[in-house]
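The values are calculated or read from the model by the stated rules, or taken from the named source; none is laboratory data. These figures come from a predicted structure and were not determined experimentally. Cβ placement follows ideal geometry from the backbone for every residue including glycine, while neighbour counts extend to all protein chains displayed. The protein model used for the area step is the full one, side chains on, heavy atoms only, and it has no ligands, DNA or RNA in it. Shrake-Rupley method; radii C 1.70, N 1.55, O 1.52, S 1.80 Å.
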Amino acid sequence: MSRDDWSSVPARDTGAVADAPSGQEARHASATAASALGPGRFQGRPAPQYGEYAPAGWVNPVLAEQERAERATRTTPSPAPSSASRPTAPARDGGGRPATARRLGASPGDLFLTLMLLGLGLWSVVGYFRTGQLASTVRRAIEQQYTELSDPSVLSTAANVNLVGALAILVLTVTWTVARLRAGKRSAWVPVLGGVVATVFSTVVFMVALSHDPAFAAWWAQRTG
């Protein structure tokens with residue numbers, strides 16, 4: 001059958017339509033055009049960008065959202081950290097090291113013994129407030145074991161001096177003991193030392209008072225011969 005027959009399939013252009021390069025819109029090209037441009041090259045124009053054919057006043061929603069987020073970031077101040085969220089620096093002692101909780105005394109046993117001895121010392125000093133009774137007790141002991149006194153009033157003076165000295169020793173003992181307890185050091189020996197000092201002080205005070213009594217002084221001279 002001839003090519004001019006009406007029932008024959010019309011001749012088609014053999015020009016190939018290949019994938020267009022990026023950004024190019026593929027166009028059909030005739031065989032003549034394709035052969036003129038050379039193998040692998042096609043006629044075409046850049047593909048339309050997103051929104052290129054949009055009506056007047058159209059705004060890209062993606063770009064608009066990005067711009068709004070950037071403006072909000074620039075204008076919104078960053079919140080200051082609250083006091084609850086800020087880390088608290090550890091308290092430091094005078095030497096620059098972090099201060100730790102310290103227990104009182106070197107051990108629980110040392111603390112208990114120290115407090116018990118301080119209580120005994122306080123009880124003894126409270127008894128010294130009865131100066132008249134103390135002077136009478138000392139007088140009876142001297143007269144029963146040694147000799148009668150010619151001037152028992154010196155014992156009342158000695159009892160008053162002993163009270164003042166015992167109070168001073170107690171205050172110093174308590175102050176020193178508390179300082180050692182807070183430092184975590186052994187402290188039970190401090191009230192013991194305070195008790196020894198108070199006893200020696202009381203003995204010296206009454207011995208000086210008795211040395212001024214003529215009867216006791218004569219007895220003492222005869223005794224030491």
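The requirement of being open to solvent by 50 Å² or more (accessible area, probe 1.4 Å), at pLDDT below 85, in a loop (DSSP other than H, G, I, E, B) and of a type in the set (D, E, K, R) is satisfied by R102.
Candidates V171, V154, V161: the one that is at pLDDT 95 or above and either aliphatic (A, V, I, L, M) or part of a helix (DSSP H, G or I) (or both) is V171. Do we find a residue being closer than 25 Å to G105 by Cα, out of contact with any strand residue (DSSP E or B) (no Cβ under 6 Å at 6 or more places or on another chain), open to solvent by 20 Å² or more (accessible area, probe 1.4 Å) and touching a residue at least 40 places away in the same chain (Cβ under 8 Å) anywhere in the stretch 188-197? Yes, because at least one residue in the stretch 188-197 is closer than 25 Å to G105 by Cα, out of contact with any strand residue (DSSP E or B) (no Cβ under 6 Å at 6 or more places or on another chain), open to solvent by 20 Å² or more (accessible area, probe 1.4 Å) and touching a residue at least 40 places away in the same chain (Cβ under 8 Å).
Evaluating G132 against the criteria (1) within 26 Å of L113 (Cα to Cα); (2) surrounded by fewer than 20 Cβ atoms within 10 Å (Cβ to Cβ) leaves one unmet condition, (1).
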